[in-house]
Amino acid sequence: MMIFITVLMLNVWAISADDVLSPNINIIEDQGKIKSIETIMESLETEMEQLRTENKELTATVTEQKGNIRELRDEMNKKNEEISNLSSQVEELRKENRGREIAFSASLVESGDKYIGPFSTHFTITYKNVFTNIGNAYNPTTGVFTAPLKGAYMFRVSIYGHGPTPATVSIIKNGEIVVSAYQYQPQGALSSSNGVVLILEVGDVVYVRLKAGRRIYDNENNHSTFSGFLLFPLK
């Protein structure tokens, strides 16, 4: 009986040992795998933390850039508004000055060459070769400039001739001599010029008059000229 019990106990011990040892071996392997997984997870968590940090930095940078872009946009809007205001002011000034653009310049002859004078009386010169006539205040048929508005005007005359006949002209305002250009010598070329600033009322006239007994000359080189322009209007 004792022998049977002893054999039975040995069999039970053998069975329990087989059943128990096999699970123990699997647990050890699983524990190794778990540790490996834990290591991978820790590595992933570290990478994720780095990514979170980078994401925060990028978010801060983007937010800062958005602020800069917003400031630039506001500044551009202000500049565009200033430009628009300046454009409006320039257009208003153009409208105001549209009737104040007055300037002319002309020479004696349109082609060839020609002497003017001498005459027994004073002679109003007509400068027919018009270079510029902004505002059409100069009349090339009569040689007379008529002021379209009150203002300060600049006028200039240049003359050319040949001796022995003297060359003398005067800038005339409303029939009165203002300044003259004169040159004389027994022979050879003669040249002279003069200019003046005049205050003109609307309708005042300015022209160039050749003195009696004098003569001037011109050709395609445009030696003898008459010019004038508005410096600024006056109230």
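Taken over the stretch 56-72, residues that are open to solvent by 90 Å² or more (accessible area, probe 1.4 Å) and either on the phi > 0 side of the Ramachandran plot or hydrophobic (A, V, I, L, M, F, W, C) (or both) amount to 2. Applying a threshold of 7 Å to beta carbon distances and a minimum spacing of six or more residues, or different chains, the list of pairs starting in the stretch 125-138 at a residue that is in contact (Cβ under 8 Å) with a residue 60 or more places away in the chain and ending at one that is open to solvent by less than 40 Å² (accessible area, probe 1.4 Å) and basic (Lys, Arg) is empty.
Give the residues of the stretch 163-191 that are touching a Phe, Trp or Tyr at 6+ places or on another chain (Cβ under 6 Å) and part of a strand (DSSP E or B), sorted by residue number.
If we filter the stretch 163-191 for residues that are touching a Phe, Trp or Tyr at 6+ places or on another chain (Cβ under 6 Å), which is where we start, we get 166, 168, 171-172, 191.
Result: THR168, ILE171, ILE172, SER191.
Pairing each residue of the stretch 145-166 that is without any contact (Cβ under 8 Å) to a residue 24 or more places away in the chain with any residue that is surrounded by fewer than 21 Cβ atoms within 10 Å (Cβ to Cβ), provided the two are 6+ apart or on different chains, yields C-beta distances under 6 Å for PRO164/PRO186.
Any idea which of VAL169, VAL144 is open to solvent by less than 50 Å² (accessible area, probe 1.4 Å), closer than 12 Å to ALA106 by Cα, modelled with pLDDT of 95 or more and out of contact with any Asp or Glu (no Cβ under 9 Å at 6 or more places or on another chain)?
Going through VAL169, VAL144 in turn, the sole match is VAL144.
Does GLY99 satisfy the condition of being of a type in the set (Gly, Ala, Ser), at pLDDT below 85 and within 30 Å of LYS128 (Cβ to Cβ)? Here the answer is yes, as GLY99 does meet what is asked.
The single condition among (1) aromatic (Phe, Trp, Tyr); (2) surrounded by 17 or more Cβ atoms within 10 Å (Cβ to Cβ); (3) outside any strand (DSSP E or B) that PHE119 does not satisfy is (2).
For the stretch 198-226, the tally of residues that are outside any strand (DSSP E or B), free of Cβ contacts under 8 Å to residues at least 60 places away in the same chain and open to solvent by 40 Å² or more (accessible area, probe 1.4 Å) stands at 4.
Every listed requirement among (1) on the phi > 0 side of the Ramachandran plot; (2) surrounded by 14 or more Cβ atoms within 10 Å (Cβ to Cβ); (3) under 41 Å from the mean Cα position of the chain (by Cα) is met by GLY195 save one, (1).
Please verify whether SER107 is of a type in the set (Gly, Ala, Ser), touching a residue at least 12 places away in the same chain (Cβ under 8 Å) and open to solvent by 60 Å² or more (accessible area, probe 1.4 Å), treating the condition exactly as stated. No: the conditions fail for SER107.
The values are calculated or read from the model by the stated rules, or taken from the named source; none is laboratory data. Being a predicted model, the structure only gives us computed values, none of them experimental. Glycine gets a Cβ as well: all are built from the backbone with ideal geometry, and neighbour counts include every protein chain shown. Quick note on the areas: whole protein, heavy atoms, side chains included, nothing else; ligands and nucleic acids left out. Shrake-Rupley method; radii C 1.70, N 1.55, O 1.52, S 1.80 Å.
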